Amino acid sequence: MPNLFDPIDLGPLTLTNRIVIPPMCQYSAHGGLATDWHLIHIGSLALSGAALLIMEATAVAEEGRITPDCLGLWRDDQSEALAALVKTVRSHSPIRLGIQLSHAGRKASSHSPRTGGSGPLGSADGWPTIGPSAVPVSERWPVPTPLTADDMDRVVEQFVTAAKRAVDAGFDLIELHGAHGYLLSSFLSPLANQRTDEFGGGYDNRARFPLRVFDAVREAVPSTVALGVRVNGTDWAEGGITPDEACRFAVDLERHGADFIHVSSGGNARGDIPLGPAYQIPPARLIRRHVNIPVIGVGLISSPVLADELVADGSVDLVGVGRGHLHNPHWTWSAAEMLGHHLHVPYQYARARTSSFEPPKSWQHLGRQEVQPTP
Ligand SMILES: Cc1cc2nc3c(=O)[nH]c(=O)nc-3n(C[C@H](O)[C@H](O)[C@H](O)COP(=O)(O)O)c2cc1C
C-alpha cells in the first residue's frame, strides 16, 4: 500500500512524495510577465516539502488571459522572466516545477480580484472572446465568437509556442488546462459546445479539438518534460460532461501520450457542487480505474490523514493541496510530522526541526555543490 510520502514516477520525473501544489492564479503579472510577487510566492511554496508545484494558469495568447493580471507565455520576454524565477527557485529547492498552460476562451476578459471586481470586464476595458459556440457563460457575459478553422489552427499554434517557451524556461512539467470551463473544457462540454460540425455533437467530435491541441503540444515537448492535462471529472450540471465521458477523455489522453491526469470539476455552468472534503475524488477515482497513468486528485483535501488514505486506498496516486498550502506553506511539514515520515528541510530552517525533519546531509540532492551549509 503506497503512502503519501512514497516516491512515484510521473512520466519522466520521479517525485519524492505524492503531494502536489496545484495551479493557483495570483493576478499579479504585469503585461503577462512574472513579477517579484511570483518569486516570493513560488519561493515560499518551494520550501513546503511538496514534491511538485504547478504554477498558475498561464495564457498562451493575450486574448486567452482570464484577467489583465494573468501570467502569459505569448512573448519571449515572458519566458525569460519565468526562466529567471525557475533558476532562482531551483538553486534553493529540490521541488519539481510545472506550469499550467491555458486559454480562457469565453471566460476570458474578466475582472481581476486585484481591483476588487468579478465577472466580465465589459466593453470599456474588455476584449472580444472566443468559444466553441456563440453561447455565453450566462446572460451577464458577452457572447463569444465561435472558432473558425483558422482560429483553431492559430490556437493550436499558440499552445505549441507557449509550451516550447515553458520548456525553454526550464519547467519540468506542463499541464494543459482542460478544466473549469476554459477553452478546451468548453469544447468538451455540451453546455458550451453546440456546434454542428465535426467539433460538436457526440463525444468524439467534442473531444477532437482538445485532443488536437494535446497532440500538437505532445509532439513539441521533449520526452524529458512531463505533459498532462487537468480535466473536468464532471460539470456538476445537467447536460454537461459526465464522469463517463470524462473517463473516455482520460483514456484518450493516455493513448495520445499523456503522462498524468489531474481531475478537477465545474466551471462550465452554474452547477450544484457538493462542496466538502475530497468532493472531487469520486470522479477522480473512476478515472483512475480506467487509466494506467498517475491521477492527481484535488479539492478540499486539507487533512493529511485524509490525503494519506486517498493514496493508500488507491483512490488517486497523488493529492493536490492548494489552499492548505496558501494557509500554511509548511502544510507538507505538518503532514510528515503527523504521519510519522521524515522530510528534508533547508539547513536554514533546521532549528525549526521537529522529530520528523532531517536536515540535509549535503546539498547534493539539489544537484548543486557550490552552496554549503553553514557549520
Ligand atoms: C487562489 C486560487 C487560484 C486558483 N487558480 C487556478 C488556476 O490557475 N488553474 C486551475 O486549474 N485551478 C485554479 N484554482 C483551483 C485550485 O488549483 C484547486 O483545484 C482548488 O483550490 C481546490 O483545491 P484546494 O481545496 O486544495 O484548494 C485556484 C484556486 C485558488 C484558491
Answer residue from segment 256-275, given it is outside any loop (DSSP other than H, G, I, E, B) and in contact (Cβ under 8 Å) with a residue 40 or more places away in the chain and is nearest to the ligand (Cβ to nearest atom) among those: 264
Residue list for segment 17-41, filter: within 14 Å of the ligand (Cβ to nearest atom), farther than 22 Å from residue 307 by Cα and either part of a strand (DSSP E or B) or not small (Gly, Ala, Ser) (or both): 25, 26, 27, 37, 38, 41
Going residue by residue through segment 170-191, is there one that turns out to be in contact (Cβ under 8 Å) with a residue 12 or more places away in the chain, over 18 Å from residue 24 (Cα atoms) and of a type in the set (Asp, Glu)? no
Kindly indicate whether residue 1 is under 16 Å from residue 308 (Cα atoms) and part of a loop (DSSP other than H, G, I, E, B). yes
Within segment 304-324, is even one residue among the hydroxyl-bearing types (Ser, Thr, Tyr), free of Cβ contacts under 8 Å to residues at least 60 places away in the same chain and closer than 23 Å to residue 173 by Cβ? yes
Any idea which of (1) crowded, with 23+ Cβ neighbours inside 10 Å; (2) out of contact with any strand residue (DSSP E or B) (no Cβ under 9 Å at 6 or more places or on another chain); (3) of a type outside the set (Val, Ile, Thr) is the one residue 92 doesn't satisfy? (1)
Restricting segment 295-324 to residues that are in a loop (DSSP other than H, G, I, E, B) and under 13 Å from the mean Cα position of the chain (by Cα), the residue that is nearest to residue 283 (Cα to Cα): 299
Given (1) in a helix (DSSP H, G or I); (2) within 13 Å of the ligand (Cβ to nearest atom), where does residue 338 come up short, assuming only one miss? (2)
Given the criteria over 18 Å from residue 146 (Cβ atoms) and within 15 Å of the ligand (Cβ to nearest atom), does residue 179 qualify? yes
Of (1) under 22 Å from residue 170 (Cα atoms); (2) part of a loop (DSSP other than H, G, I, E, B), residue 122 satisfies all except one. Which? (1)
Would you mention how many residues in segment 128-154 are out of contact with any strand residue (DSSP E or B) (no Cβ under 8 Å at 6 or more places or on another chain) and either of a type in the set (S, T, N, Q) or within 25 Å of residue 227 (Cα to Cα) (or both)? 5
Any residue in segment 92-110 that is closer than 29 Å to residue 344 by Cβ, more than 16 Å from the ligand (Cβ to nearest atom), outside any loop (DSSP other than H, G, I, E, B) and of a type in the set (A, V, I, L, M)? no
On the given criteria, is residue 285 modelled with pLDDT of 95 or more and over 24 Å from residue 1 (Cα atoms)? no
Considering each residue of segment 225-255, count those that are more than 19 Å from the chain's Cα centre (by Cα), away from the ligand (no atom under 16 Å from the Cβ) and assigned to a loop (DSSP other than H, G, I, E, B), and give that number. 5
Which condition number does residue 328 fail, the rest of (1) out of contact with any strand residue (DSSP E or B) (no Cβ under 7 Å at 6 or more places or on another chain); (2) within 13 Å of the ligand (Cβ to nearest atom); (3) touching a residue at least 24 places away in the same chain (Cβ under 8 Å) being met? (3)
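The values are calculated or read from the model by the stated rules, or taken from the named source; none is laboratory data. Remember, it's a predicted structure, so these values are computed and weren't measured experimentally. When we count neighbours, we look across all protein chains shown, and the Cβ atoms used for this are built from the backbone with ideal geometry, even at glycine.
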